[in-house]
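The values are calculated or read from the model by the stated rules, or taken from the named source; none is laboratory data. Only a predicted model underlies this, so the values are computations on that prediction, with no experimental measurement involved. Counting neighbours? That spans all protein chains shown, and the Cβs are built from the backbone with ideal geometry, glycine included. When the accessible area is computed, the model is the full protein with side chains, heavy atoms only, and any ligands, DNA or RNA have been set aside. Shrake-Rupley method; radii C 1.70, N 1.55, O 1.52, S 1.80 Å.
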Amino acid sequence: MNYEIAVIPGDGVGPEIIREGLKVLNVVSEKFNIKFNFIHYDFGAQRYLKTGEILPDSAIGELKKMDAIYLGAVGDPRVEPGILEKGLLLKLRFSLDQYINLRPIKLYPGVWTPLKDKGPEDIDFIVVRENTEGAYCGAGGFLKKGTKDEVAIQEDINTRKGVERVIQYAYTLVKKRNKKNKLTLCDKANVLTYAHDLWRRTFTEVGEEYPEIQKDYAFVDATCMWMVKNPEWFDVIVTCNMFGDIITDLGAVIQGGMGIAAGANLNPEGISMFEPIHGSAPKYAGKNMINPLATICAGAMMLDTLGEEKAAQTVENAVIKTISEGHIKDLGAGKMGMSTSQVGDLICKFIM
Ligand code: IPM
Ligand code: MN
């Protein structure tokens, strides 16, 4: 097969992790006879500071013609928080209508978890985060900004359509996984009695199509507790944009940290985007110290989504081998006992 992949390395450590991710995809290409045409885009802080441009609308048009997007990281200390996040990352998610943010929380054998007495058999679930609405939609504004009478409003918008499609996806994912056969709705229906009432009703209604799937409800605060205390209870969690953002950082920590956590922004009917969950980590930028495994795992998710399941599994197996055989000492930046590029080389060697 032939794929056109847009590559956006972005800011901070983005370029060096994407370099390793592409190295791995090139080896996969040879081994599995898959052709990739990588189209590079220099969106990010550097370009913004030079030209004032973040993500032109013309680029969105081009990206819509690709098969997938491979993204490094977004964010730079020289740019005020929110500008690049909203102008680049969220604009990509929204304008390509990537309504699913898929974040697997999976502890690989040999990875240290801060959870005492928990192992890979206990930590294996997926968070399905709504990715286009909620508090992220950017609706709101200020009144009397900067005065002592200031009012700031940030709307939390939940549409029936948006809620339904993410819940529908989550149910089908439970079926496809065929593991615990359980879907947990993580919400705050005891306080957000309008927004999350809509989530609950939709969850129940869509759930009628899936009588064989166990329906489970957990408030977001309790979800945080259970993720630490009894992560083995979870199979698939579906949740809103903001709660999904928060609980997946907790999830990343219990699966061994930001060095390994990967995510996918999916539009099942359109163009999807794959990225590590960690940010641009400016203090490590250019030092060849950061762990590229999260980006490599995001690459595996991209292969899987493109339908190249065998190639995806091979990459994942190489990651597992690198960790479980102790080739990499620790998943943290600067603690791996290897450089960023050496980790990439090793994965390539295990794939070949
Ligand atoms: C994430 C990030 C983003 C988010 C930021 C950078 C806008 O934290 O992908 O989880 O909040 O979605
Ligand atoms: Mn986040």
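List the pairs whose first member sits in the stretch 235-258 and is assigned by TED's automatic domain parsing to the domain that holds residue 203, whose second member is near ligand 1 (Cβ under 10 Å from one of its atoms) and of a type in the set (S, T, N, Q), and whose Cβ atoms are under 7 Å apart, counting only residues at least 6 apart or on separate chains?
These pairs meet every condition: 241/131; 244/101.
Within the stretch 308-352, track down each residue that is under 23 Å from the mean Cα position of the chain (by Cα), within 26 Å of residue 68 (Cβ to Cβ) and open to solvent by 50 Å² or more (accessible area, probe 1.4 Å).
309, 310, 313, 317, 321
Scan the stretch 235-255 residue by residue and report those that are within 17 Å of residue 167 (Cα to Cα), near ligand 1 (Cβ under 10 Å from one of its atoms) and either modelled with pLDDT under 95 or not aliphatic (A, V, I, L, M) (or both).
241, 244, 245
Among the strands (runs of 3 or more DSSP E) contained in the stretch 126-194, which hold 2 or more residues that are within 21 Å of the chain's Cα centre (by Cα)? Can you show your working first?
On the way: elements: 140-143, 151-154, 182-187.
Qualifying strands (runs of 3 or more DSSP E): 182-187.
It is to be established whether one or more residues within the stretch 60-75 are more than 16 Å from ligand 1 (Cβ to nearest atom), buried (at least 17 other Cβ atoms within 10 Å of the Cβ) and in a loop (DSSP other than H, G, I, E, B).
Of the stretch 60-75, the ones more than 16 Å from ligand 1 (Cβ to nearest atom) are 60-68.
Keeping just the survivors that are buried (at least 17 other Cβ atoms within 10 Å of the Cβ) gives 63, 66-68.
After this cut, where a residue has to be in a loop (DSSP other than H, G, I, E, B) as well, the list is 66-67.
Yes, there is a match, as at least one residue in the stretch 60-75 is more than 16 Å from ligand 1 (Cβ to nearest atom), buried (at least 17 other Cβ atoms within 10 Å of the Cβ) and in a loop (DSSP other than H, G, I, E, B).
Could you tell me whether residue 197 is within 16 Å of ligand 1 (Cβ to nearest atom) and either of a type in the set (Asp, Glu) or closer than 21 Å to residue 98 by Cβ (or both)? Lay out the reasoning, then the answer.
Working: within 16 Å of ligand 1 (Cβ to nearest atom): no; either of a type in the set (Asp, Glu) or closer than 21 Å to residue 98 by Cβ (or both): yes.
For residue 197, the condition - within 16 Å of ligand 1 (Cβ to nearest atom) and either of a type in the set (Asp, Glu) or closer than 21 Å to residue 98 by Cβ (or both) - is not met.
Which residue is farthest from ligand 2 (Cβ to nearest atom), if the candidates are limited to the stretch 282-294 and must be surrounded by fewer than 21 Cβ atoms within 10 Å (Cβ to Cβ) and part of a loop (DSSP other than H, G, I, E, B)?
The residue in question is 288.
What are the residue pairs meeting all of these: first residue in the stretch 133-160, first residue of a type in the set (Val, Ile, Thr), second residue not in a strand (DSSP E or B), Cβ atoms under 8 Å, and 6 or more apart or on different chains?
Pairs that qualify, where the first residue is of a type in the set (Val, Ile, Thr) and the partner is not in a strand (DSSP E or B), are 151/144; 157/133; 157/137; 157/139; 159/133.
Per-residue answers, yes or no, for (1) among the hydrophobic types (A, V, I, L, M, F, W, C); (2) surrounded by 15 or more Cβ atoms within 10 Å (Cβ to Cβ):
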site: 110; (1), (2): no, yes
site: 125; (1), (2): yes, yes
site: 130; (1), (2): no, yes
site: 134; (1), (2): no, yes
site: 137; (1), (2): yes, yes
site: 148; (1), (2): no, no
site: 158; (1), (2): no, yes
site: 161; (1), (2): no, no
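Exactly one of these conditions fails for residue 29: (1) of a type outside the set (A, V, I, L, M, F, W, C); (2) in a helix (DSSP H, G or I); (3) open to solvent by 50 Å² or more (accessible area, probe 1.4 Å). Give me its number.
So residue 29 meets the others, but not (3).
Looking at the stretch 267-290, which of its residues are of a type in the set (S, T, N, Q) and within 11 Å of residue 102 (Cβ to Cβ)?
Matches in the stretch 267-290: 272 only.
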